[in-house]
Structure formats: C-alpha cells, structure tokens
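Scroll down for the structure; my scribbles are underneath it.
The values are calculated or read from the model by the stated rules, or taken from the named source; none is laboratory data. Just so it is clear, the structure is predicted and the values come from calculations on it, not from any experiment. Neighbour counts run over all protein chains shown; Cβ positions are idealised from the backbone, glycine included.
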Amino acid sequence: MTSVAEAGPEPVITSLGRRVRPAMMVGILVVLIFFGGFGYWATVAPIYGAAIATGTVSPENSRRTIQHLEGGVIKEILVRDGDIVSVGQTLVLLDDTRARASVEQQGLLIDSLQAELERLTHESEYLVERDLRRELVFSEELQQRAATERTLAEILRLQRFHYQSRQAALRASDELLKQTIHGYEVEIEGLRLELESVNGQLALLEEEGDVLQSLRDRGLEVRRTTADNLLNRSQIEQVRVERESRISSLVESISQARLQAEDVWAGELEASTSEILSVARDLLDARTTYATYVDTLERTVIKSPIHGTLISLSVNTEGAVVGAGETIVEIVPSDEALTLEARIDRNDIDVIAPGQTAAVVLLAYPRRNLPKIYGTLTSISADSLVDSSTGESYYLAKIEIEDAQIARLGEDVALVPGMSVEVMIQMAPRTFLDYLFEPLLRYSNRAFRE
C-alpha cells in the first residue's frame, strides 16, 4: 500500500508538464517575436522629426522704402495709406523753386560758355588764316533759340562785341606795325637815293683826284687843290658810311617789326587756343553739374518705382520739411512672388539645410478647414540675427511655395504680405535607437574626456 501511494503523483506531474510546455513555448515565441520585431523596427524604421518655427508671408524682394536724397519742403501729397499705385505714379511733390533756379542758372552758364567757345573757335580760325575780315557766325541751334530767348540773345550780342573788339585791336596793332615797316622802307629808299648821290660825288672827286695827281706828276704846283679834294672825299665818304649804317639799322628795325608782328599773331593764337581748352573744360564741368541739378529737379517729383500698396506714409502735411534720406513711404509689391520668412531657433540650425521640405500652416485661418501646404527651404542666413525689440537671436530662413500648393488653398484663401504662418521643416529621418542612444553617446563622449 505504501509503495503504491508513493508512486501515485508522478504521472500527474508528468501529465501537467506535458500540458504546460506548449503554452510556455507559445509564450516564449510570442515574446521573441515581439521583442525581435520591436528591435527590428527600432533599428530600421525611420522616424521623421521637424524643426518648428514661426514666420510671416513676405514679398520676394521685401517692401520698398521710398526716401529722398536731399530732402525738401512738401508741396503736395497725392496719395494716402492703403492706396494701390502703379509704376511711375506720382506720390508726393516737393517744392522745386531752388532746384529749378539752379537748373536755369546752370543752363545760362552753359549757353554763355558754348557761345564763348564758338567765338574763340572762330578767332583761332581767322588767326591761322590771317584773315581779319572773317565774320562770327554762331551755330544754328544758338541762333534759333536766341530768336525767342532774350537772355541768350544778349549773351550772343556780348560775344559778338567781344569778337569784333578783339579783331579791331589786332587789326590796329597789325596796321601800326605795317605803317612802321612802311616808314622804315620809305626812309631806306630815301637813304639809298642819297647814297647814290654820295657815290656819284665820290666818283667825281676820285676823277678830280686823278687829274690833280696827273698835274702833280708833271711838276705843276697843285698841292692846295689836292688837299681840298682829299678833304672833300673824306667828308663825302663819312656821309656814305653814315647812310649805309642807317640803312642797315633800318633793315634791322624792319626785321624786328616783322618779328614783332609774327609774335603778335602767334601770341594771339596761343592765347586763343589756351582759352579754348579752358572754356571747353569749364563747359564739360558745367554740363556735368547741370545734369546733377536736373536730376535733383526731377526727384522733387516722387514717383512709385513699382506696382503695389502704400503703407506707412510718413508725411501728411503740405509745407512740412522732409530731411535728407528720410523715409517718405513704404510700398508692398503686388506683382512679385511671395515667400515665407521663418525664424529658426539657434538650436535647430544643425538639422536644417536648403532643399528640405517644410509644411506650412496659415495661422489666420482655422486649421480644420484648411489643407496643409508644403514648400521648399531655399536659403538660410549666414549668421544669426537679433530682434531689436526682444533681443532674441534667430536664423532667418526663406521658404518658397509653388503655385500648385497655393491653389490647394482654394479661391477664398489668399496669401497676404505680413500674414503669420507656422512652419514645420522636416528633418532627416532617424530610428528609435538613434533617439534612444543619442543622450547616452553624448554623455559618454563627455565622460571619457581627459
């Protein structure tokens, strides 16, 4: 009985073990499948993250700031905030009294220099040709304008008077030198006639001397007469020398007078040429200054450079003074593509790069009624920027949205410059293990540093 009782439980345990073993195997298999699948998923399956930033809708080239270089006094304001303006439309008129006066004064200076240059050119021509009868003829343009412009007509009259006066002075100087030379020539002619007479007397005295010498050779007493002959010959010879010397002196004077005449012509030509160069330089400078004054005058009419909407009109009183470089108005372009400008946190700068996809949510509209649209990150600022009002540092990113994405919003939704948006920039995919071990690796790198 005892042996039978002791052997009784073993078949029961064996039977129970046989029934439990399949369940354990199934459980172990389930655990292995679960953890194996989880491990595989954690190792292989990508998990996408996003850098979230806020931003605004902005024109591609931002808003235009209209300023004035010199400033001035407001004459008339033709627009107001919110007006839609076109390219070239007049916005504000500045008082142009001083600018217009400068243009007119500089224009008169140019006319005066142009007339003077034409006069000097004609003077140089008659000096080269030695033609003092040449008349001054101004260009057709100046003559036509002088017919209707009294000031220009007076300028031409004064230049013509100057031309004639200078021509008359040169003519008088030239005539005086010619008369002087002619006087010398007349005197030389008289001296030459006297010299011929003196030479004739000398010839007679020489013949007389020969006769006296012949008589003396014959033994006749002619000593006193011979002495008189020699004395007369000496006196006449002295007169001849004086006349010849005077003629030589007069010839030299004629040469000097002619050289003086040449010097007068050459000096006048040199002076005229020098004046031409000087006036030409002054005329070039005057035209350059005139262009500057014209530019200043034209800029008293402030026009819109683009098509857009006016905002921040800073002038509202006629007669008010606008400072140099002061902003007058800003224009938001309406014919340029719109982009998104997002402020990226400095801690996210290492995970974003141009070319990444960004999901955009328009905060002005309810999200449940609005589809999510996507854009492409096109650029990131090279350095961090600082918000002057909050002191916050950020990187400025620009995101472009294609027209097809904008069309998904529907006709009732429009992108408006200045609209707030939320941007989620998709980062590179990582696995669960990457997220799990990243802190460990980061701290281990620090822990193993010396």
If a residue has to be crowded, with 18+ Cβ neighbours inside 10 Å, more than 16 Å from Glu298 (Cβ to Cβ) and touching a His at 6+ places or on another chain (Cβ under 9 Å) to count, how many in segment 86-120 make the cut? 2
Yes/no for Glu270 being touching a residue at least 24 places away in the same chain (Cβ under 8 Å), surrounded by fewer than 16 Cβ atoms within 10 Å (Cβ to Cβ) and assigned to a helix (DSSP H, G or I): no
Inside segment 76-88, can you point out the residues that are closer than 14 Å to Leu313 by Cβ and in contact (Cβ under 8 Å) with a residue 24 or more places away in the chain? Glu76, Ile77, Val79, Arg80, Asp81, Gly82, Asp83, Ile84, Val85
Could you look through segment 121-142, keep only residues that are among the acidic types (Asp, Glu) and in a helix (DSSP H, G or I), and pick out the one that is surrounded by the most Cβ atoms within 10 Å (Cβ to Cβ)? Glu123
Among the residues that make up segment 104-120, is at least one of them without any contact (Cβ under 8 Å) to a residue 12 or more places away in the chain and either in a helix (DSSP H, G or I) or not β-branched (Val, Ile, Thr) (or both)? yes
Pair list, Cβ < 9 Å and 6+ apart or interchain, from segment 151-162 residues that are without any contact (Cβ under 8 Å) to a residue 40 or more places away in the chain to residues that are not acidic (Asp, Glu): Ala153/Arg145; Ala153/Ala146; Ala153/Ala147; Glu154/Ala146; Arg157/Ala146; Leu158/Ser112; Leu158/Ala115
If you check Gly55 against the conditions, is it in a helix (DSSP H, G or I) and either loosely packed, with under 14 Cβ neighbours inside 10 Å or at pLDDT 75 or above (or both)? no
Condition check for Ser379: part of a loop (DSSP other than H, G, I, E, B), within 38 Å of the chain's Cα centre (by Cα) and surrounded by fewer than 16 Cβ atoms within 10 Å (Cβ to Cβ): no
Options Asp350, Asp282, Asp295; residue that is among the charged types (D, E, K, R), part of a helix (DSSP H, G or I) and within 28 Å of Leu385 (Cα to Cα): Asp350
Residue, farthest from Asp81 (Cα to Cα), within segment 322-351, restricted to residues that are over 28 Å from the mean Cα position of the chain (by Cα) and either of a type in the set (D, E, K, R) or at pLDDT 90 or above (or both): Asp350
Quick test for you: out of Ala342, Ala397, pick the one residue that is touching a Leu at 6+ places or on another chain (Cβ under 7 Å), surrounded by 18 or more Cβ atoms within 10 Å (Cβ to Cβ) and of a type in the set (Gly, Ala, Ser). Ala397
Going through segment 264-307 in order, the residues found to be of a type outside the set (D, E, K, R), over 21 Å from Gly323 (Cα atoms) and within 20 Å of the chain's Cα centre (by Cα) are Leu284, Ala286, Thr288, Thr289, Tyr290, Ala291
Picked from segment 156-189 (must be small (Gly, Ala, Ser) and surrounded by 13 or more Cβ atoms within 10 Å (Cβ to Cβ)), the residue nearest to Val241 (Cα to Cα) is Gly183
Counting just the residues of segment 398-421 that are small (Gly, Ala, Ser) and over 20 Å from Ser334 (Cβ atoms), which one comes out modelled with the lowest pLDDT? Gly410
